[in-house]
């Protein structure tokens, strides 16, 4: 399945949804593009998608949200639409991967690093330069302290300086860095791994990590146990995976 919008392309293959930003060369996110991303995410509700992959055409992943859309009467709607992307990602609960070939700055950095996993080319850069034009990045302010700790988050958000791919890897914003010519093959290899796994179990595993991370240790462990016993073990796929292992065969996932 493949759908092309004005600024976004969706391709679904083997339970992996590939969402491609297509406003090259820099993939500035205007309101129309963000509305399209939200529409694509809405279309994945109730699907058996195992992984969402964000990637981009052009030399940059995305250098952010159009500056003009931050001004005047547009600001409130811009935030609603932009933050709607992250609210939808959380509501879907589908594991996500960003494939970053070049600059991921501002809102582009937020979109990439909010994904559960990030693959980056050696040419990629990550940064939140908003402070340099008199604003700050709300999603990074929320997520960066949890991802990389308060002090590094403060440095990046308050200075607006960018990190190389290797620096982003070192602080934990990126999972793996590869040469540019290997990036697409690496992304496809990661997608293939997830396409073989149960969509419902992947979502519940992700849910356990997210909810455990967002609470205290004791309450977090209690919540993880609750998800495991009451939600995960109530699925057909959990039972199928365990039985298939004992029977030394490949599991047949039903997605429920």
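Rule-based calculations on the coordinates, nothing more; no lab input. From a predicted model like this one, the values you see are computed outputs, not experimental measurements. Because the Cβ atoms are built from the backbone with ideal geometry, glycine has one as well, and the counts that use them run over all protein chains shown.
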Item to check | Ranked list, fewest to most other Cβ atoms within 10 Å of each Cβ, for 227, 37 | outcome: 227, 37
Next on the checklist: For region 1-68 and region 240-256, what is the centre-to-centre distance using only Cα atoms, to the nearest Å?
Outcome noted: 33 Å
Next on the checklist: As I understand it, the value is the acute angle between the Cα axis of helix 31-43 and the longest principal axis of the Cα atoms of the chain; what does it come to in degrees, rounded to 10?
Outcome noted: 0 degrees
Checklist entry - Among rounded, prolate and oblate, which fits region 80-131 when a ≥ b ≥ c are the square roots of the eigenvalues of its C-alpha gyration tensor, a/c under 1.5 means rounded, and a/b larger than b/c means prolate? => result oblate
Next on the checklist: Only counting other Cβ atoms within 10 Å, I'd like 116, 237, 73 sorted with the fewest neighbours first.
Outcome noted: 73, 116, 237
Checklist entry - Considering the Cα trace of the chain, what is its radius of gyration and what is Dmax, both in angstroms? => result 18.6, 63
Checklist entry - Using alpha carbons only, how many degrees (0 to 90, rounded to 10) separate the axis of helix 217-226 from the longest principal axis of the chain? => result 50 degrees
Checklist entry - What's the extension gain from residue 166 to residue 240 if we count 0.36 nm per residue and subtract their Cα-Cα distance? => result 22.7 nm
Next on the checklist: Can you give the FRET efficiency to the nearest 0.05 for residue 91 and residue 141, using r as the Cβ-Cβ distance and R₀ = 25 Å?
Outcome noted: 0.75
Checklist entry - Helix-derived [θ] at 222 nm for the chain: sum -39500 (n - 2.57) over DSSP H runs of at least 4, divide by residue count, nearest 500? => result -14000 deg cm²/dmol
Item to check | Cα shape, region 76-210, gyration tensor, a/c 1.5 rule | outcome: oblate
Checklist entry - Could you give the angle, 0 to 90 degrees to the nearest 10, between helix 199-213's Cα long axis and the longest principal axis of the Cα atoms of the chain? => result 60 degrees
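Quick check on the exposure proxy: order 235, 113 from fewest to most C-beta atoms within 10 angstrom.
By the 10 Å Cβ count, ascending, the order reads 235, 113.
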Checklist outcome for this item: Counting only DSSP beta bridges fully inside the chain, the antiparallel percentage to nearest 5 is 35 percent
Item to check | Theoretical FRET efficiency, 1/(1+(r/R0)^6), r = Cβ-Cβ of residue 256 and residue 184, R0 41 Å, to 0.05 | outcome: 0.80
Next on the checklist: What FRET efficiency comes out for residue 13 versus residue 218 if R0 is 41 angstrom and r is the Cβ-Cβ distance? Round to the nearest 0.05.
Outcome noted: 0.45
Checklist entry - Rounded if a/c is under 1.5, else prolate if a/b is larger than b/c, else oblate: which is region 199-246, with a ≥ b ≥ c the root eigenvalues of its Cα gyration tensor? => result prolate
Item to check | Separation between Cα centres of region 211-233 and region 168-201, rounded to whole Å | outcome: 26 Å
